[in-house]
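Heads up, the thing below is written out as structure tokens.
The values are calculated or read from the model by the stated rules, or taken from the named source; none is laboratory data. Just so it is clear, the structure is predicted and the values come from calculations on it, not from any experiment. We place every Cβ from the backbone using ideal geometry, glycine too, and count neighbours over all the protein chains shown.
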Amino acid sequence: MKIFHDSTSFLLYLVILAELFVHSSSRPTPCPYSVFEPMIHQLDKIITSSKKLHGLPEAELVTFMDIEHKLDSLPVIKHTAAHLNSLKVNESLSQLYVYVESFRLHTKWLKTTQENVSVPFQAAEGASTHLEQLSNLTKKFLEKIGEQVPQTASPSLPVVSTAFESLRFSVEISDRLQVFCHWSKRILRQLQRRSPCSKH
Ligand SMILES: *[C@@H]1O[C@H](CO)[C@@H](O)[C@H](O)[C@H]1NC(C)=O
Ligand SMILES: *[C@@H]1O[C@H](CO)[C@@H](O)[C@H](O)[C@H]1NC(C)=O
Ligand SMILES: *[C@@H]1O[C@H](CO)[C@@H](O)[C@H](O)[C@H]1NC(C)=O
């Protein structure tokens with residue numbers, strides 16, 4: 001055939017053919033962004049568990065509203081609406097991974113303190129399992145897009161000896177974890193909307 005002047009054109013031809021084949025095949029091509037939906041699903045489960053971390057009804061929570069901030073190691077989520085428009089997938093997901101790991105370690109610690117002081121720990125256990133699943137999904141996504149998975153450090157957390165102390169920490173974690181989950185859902189939805197492969 002005359003059109004192939006050299007082997008490069010021929011290779012190019014093959015590549016285009018291969019691409020055409022991939023795009024026209026009926027099976028959807030796997031998209032790394034397809035993991036965002038299961039991630040959001042985990043966030044919903046974490047929200048459900050985090051509301052139950054302290055076992056207090058809404059009315060009694062008011063008593064704890066103005067407790068001083070005690071867990072300095074909890075991530076501080078800085079967010080603005082403007083930030084949403086300038087998100088970069090690689091940076092947002094790396095940041096998400098660091099936060100998820102931090103919350104995972106805090107809820108794992110909370111579960112141990114609750115066990116120690118003999119208060120129910122099932123919600124903390126559930127939250128930490130879902131945080132682990134979310135962490136795993138985030139890590140796999142980062143690996144798939146060729147992004148380095150950030151190193152995370154273990155927070156140094158206090159020893160808790162009374163049920164009251166444990167309760168205060170659980171209220172604080174519950175509060176911060178819910179804010180984090182809602183914010184993360186917004187970020188993932190925003191990135192999902194911009195995903196190159198979500199609208200097929
Ligand atoms: C993330 O990706 C953008 C391009 O999309 C690049 O400019 C930026 O340097 C990357 N950031 C990191 C931390 O790798
Ligand atoms: C997360 O990944 C680790 C390592 O691959 C695995 O051992 C663990 O079971 C996973 N956790 C969950 C909750 O899926
Ligand atoms: C739980 O109790 C054990 C044994 O008393 C203690 O070593 C550990 O530090 C306690 N953990 C927390 C998180 O308070």
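Summary table
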| item | result |
| --- | --- |
| The stretch 104-121, residues that are more than 17 Å from HIS41 (Cα to Cα) and within 16 Å of ligand 2 (Cβ to nearest atom) | LEU105, THR107, LYS108, LYS111 |
| Out of LEU134, LEU61, LEU96, LEU87, sole residue that is within 13 Å of ligand 2 (Cβ to nearest atom) and either under 29 Å from PRO196 (Cβ atoms) or hydrophobic (A, V, I, L, M, F, W, C) (or both) | LEU134 |
| Residue within the stretch 108-126 that is modelled with pLDDT of 95 or more, under 20 Å from ARG186 (Cβ atoms) and surrounded by 13 or more Cβ atoms within 10 Å (Cβ to Cβ) present | no |
| Residue tally, condition in contact (Cβ under 8 Å) with a residue 12 or more places away in the chain and among the aliphatic types (A, V, I, L, M), over the stretch 41-65 | 6 |
| Extreme residue, nearest to ligand 1 (Cβ to nearest atom), among residues of the stretch 129-146 that are touching a residue at least 60 places away in the same chain (Cβ under 8 Å) and among the hydrophobic types (A, V, I, L, M, F, W, C) | ILE145 |
| HIS41 vs. criteria surrounded by 12 or more Cβ atoms within 10 Å (Cβ to Cβ), at pLDDT 55 or above and more than 23 Å from LEU167 (Cα to Cα) | yes |
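Residue by residue, here is whether (1) on the phi > 0 side of the Ramachandran plot; (2) surrounded by 16 or more Cβ atoms within 10 Å (Cβ to Cβ); (3) within 19 Å of the chain's Cα centre (by Cα) holds:
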| site | (1), (2), (3) |
| --- | --- |
| ILE46 | no, yes, yes |
| SER50 | no, yes, yes |
| HIS54 | no, yes, no |
| ALA59 | no, no, no |
| LEU74 | no, yes, yes |
| SER86 | no, no, yes |
| ASN90 | no, no, yes |
| GLN95 | no, yes, yes |
